[in-house]
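The numbers here are math on the coordinates, done by the rules we state, and not lab data. On a predicted model such as this, the values are computed, not experimentally measured, just so you know. Neighbour counts are summed over all protein chains in view; Cβ atoms, including those assigned to glycine, are modelled from backbone coordinates with ideal geometry.
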Amino acid sequence: MRKFLAPALGLLLAVGLLTIEPAVAQMIDPADSPNNITSATGGEGSARNIARTIINYFLFFLGLVATVMIIYGGFLYITSAGEDTDKAKKVLLYAAIGIIIVLVSFALVNTLLKAADGVSTGF
């Protein structure tokens, strides 16, 4: 059995290598041109700009949630009438920390991605 295994694997490998079709650059779909990609993505031509737009929307949503939490914490604080304000204080503290994190993230992402636009990476 072993006597036939090596030649069979060699034959299988040779047939596999001979039947591989080469990549042909002329077969690129003309629908993948940069102009079509730019128009399909709302005017954004690079992946960095698309990523920055998506991240900015996400951070805007998180900032909105943190703002709503500050309003909720203020409501809890006012309606507690001075008794047991611990929950309201925690909500306000965590919402404020959340807004700070969102603002720092927004500044960091936009600074890094805008700086990377000036650097030519070959993409």
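If I take R0 = 35 Å and measure r between the Cβ atoms of A47 and A96 in this structure, what FRET efficiency does the formula 1/(1 + (r/R0)^6) give, to the nearest 0.05?
Rounded to the nearest 0.05, the efficiency is 0.55.
What length, rounded to one decimal in nm, is gained on full extension from V15 through to I70, with 0.36 nm per residue of separation minus their alpha-carbon distance?
Length gained between V15 and I70: 12.9 nm.
Find the relative contact order for the stretch 46-117 and round it to a whole percent, using C-alpha pairs within less than 8 Å whose residues are 6+ positions apart.
This gives 44 percent for the stretch 46-117.
Starting from 0.36 nm per residue, how many nanometres of slack lie between I54 and A8 once their C-alpha separation is accounted for?
Extra length from I54 to A8 when fully extended: 11.2 nm.
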